[in-house]
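For reference, the structure is listed below as structure tokens.
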Amino acid sequence: MAVHKNIRARNKLESMKAELARELRQRSGVHVEQAADPMDQILSQIDREYRLAYLQRSAERYRAINRALGRIEEGNYSICLECEEKISPKRLQAIPWAIYCVSCQERLERLREEMGEAWNLDAAA
Ligand SMILES: [Zn+2]
């Protein structure tokens, strides 16, 4: 069965998900330190923004992993969401949460760039 075949991907995704959840819990305690020095204040603001951006990326990754797990359940894990061709096993090994084949991914990324959107599901960690 398809579910059986993807057991390794599923385990991998489950452990990535657990890892991310732990990280998100740890990092979501974001707070701004009240610093007397204005420069310290600026630095801590930058630090906070960096952490928020990081959190946002992790949250996106978490959602992508969840979606991939759902696709494993449905038995369409390795099927490209766009063209319905098979996503190469090599690609899924490298990016287990991928939902598009390489050519669709590239096309969509170009499209997003043209639209000025900054979301990229496959952004390297
Ligand atoms: Zn495709």
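The values are calculated or read from the model by the stated rules, or taken from the named source; none is laboratory data. Please read these numbers as outputs of a predicted model, since none were measured by experiment. Every residue, glycine as well, gets a Cβ built from its backbone with ideal geometry; the counts of neighbours run over all protein chains shown.
Remarks
- Of the residues making up the stretch 68-81, those that are within 16 Å of the ligand (Cβ to nearest atom) and assigned to a helix (DSSP H, G or I) are ALA68, ARG71.
- Criterion (modelled with pLDDT under 90, under 14 Å from the mean Cα position of the chain (by Cα), surrounded by 14 or more Cβ atoms within 10 Å (Cβ to Cβ) and not polar (S, T, N, Q)) met by exactly one of LEU69, LEU92, LEU55, LEU20: LEU55
- Criterion: among the hydroxyl-bearing types (Ser, Thr, Tyr) and modelled with pLDDT under 95 - qualifying residue of SER103, SER44: SER44
- Subset of the stretch 95-113 that is outside any helix (DSSP H, G or I) and more than 8 Å from the ligand (Cβ to nearest atom) - its residue that is surrounded by the fewest Cβ atoms within 10 Å (Cβ to Cβ): ILE95
- Among the residues of the stretch 82-94, the ones that are in a loop (DSSP other than H, G, I, E, B) and small (Gly, Ala, Ser) come to 1 in all.
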